[in-house]
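The values are calculated or read from the model by the stated rules, or taken from the named source; none is laboratory data. Given the structure is predicted, the values throughout are model-derived calculations rather than measurements. Methodologically, a virtual Cβ is constructed for each residue, glycine included, from the backbone with ideal geometry; neighbour enumeration extends over all protein chains shown. To get the accessible areas, we keep the full protein, side chains included, count just its heavy atoms, and leave off ligands, DNA and RNA. Shrake-Rupley method; radii C 1.70, N 1.55, O 1.52, S 1.80 Å.
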Amino acid sequence: MRRNYFIKLIKYIKNVYHIENKINKLKDGRVNPSYKTTNVVLPVLFGFLFRIQSLNELSCMLKEKEFKNLFPRGNVLSSIDTIRDTLKIKYLRKFIC
């Protein structure tokens, strides 16, 4: 039942808020990034949805590949170090039209 609820929540967020379009417009100040900004920000968003309390817990979830079904094939999720460094960047901004 919980899994079904999460799938419904993701579909609702996609349909009502068009979160994919807004997250794809995110830019940051990294030079030659090895991971897309969307692949760095989405695990943090899912962490908020799951009420993950720390980056250490998020790191364990990333290592156990608990988010692999939420991303299309071929997308490689970044490590917690990359997520932390990207979130520290002062120039993380979004362009929403």
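Structure summary
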{"item": "Computed accessible area, Leu55, all protein chains, 1.4 angstrom probe, square angstrom", "result": "70"}
{"item": "Violating pairs (Cα-Cα greater than 20 angstrom) within the set Lys11/Lys36; Lys65/Lys88; Lys25/Lys65; Lys22/Lys65; Lys27/Lys88", "result": "Lys11/Lys36; Lys65/Lys88; Lys25/Lys65; Lys22/Lys65"}
{"item": "The chain: calculated mean residue ellipticity at 222 nm from DSSP helix runs of at least 4, using -39500 (n - 2.57)", "result": "-14500 deg cm²/dmol"}
{"item": "Mean separation of Cα contacts under 8 Å, 6 or more apart, over the residue count of the chain: relative contact order %", "result": "42"}
{"item": "Coil-residue GluC sites (Glu not before Pro) of the stretch 1-91, DSSP, other Cβ within 10 Å capped at 16", "result": "Glu64, Glu66"}
{"item": "Listed values (1) 3, 14, 27, 29, 20, 6, 1, 0; (2) 2, 11, 22, 25, 22, 13, 4, 1, 0; (3) 3, 12, 23, 22, 17, 11, 6, 4, 2, 1, 0, entry calculated as P(r) over Cα pairs in 5 Å bins from 0, in percent", "result": "(2)"}
{"item": "Check: the chain dipole with +1 on Lys, Arg Cβ and -1 on Asp, Glu Cβ, in debye", "result": "320"}
{"item": "The stretch 6-97: trypsin sites (Lys or Arg not before Pro) in DSSP loop, at most 16 other beta carbons within 10 Å", "result": "Lys25, Arg30, Lys36, Arg51, Lys65, Arg73, Lys90"}
{"item": "Accessible surface, the chain, averaged per residue in Å² (probe 1.4 Å)", "result": "80"}
{"item": "Rounded to whole Hz, the Karplus (6.51, -1.76, 1.60) HN-Hα couplings of the stretch 36-45, x for glycine and proline", "result": "5, 4, 5, 6, 8, 7, 4, x, 5, 4"}
{"item": "Debye intensity ratio in log₁₀ form over the Cα atoms of the stretch 1-40, taken at each q of 0.15, 0.30 Å⁻¹", "result": "-0.50, -0.96"}
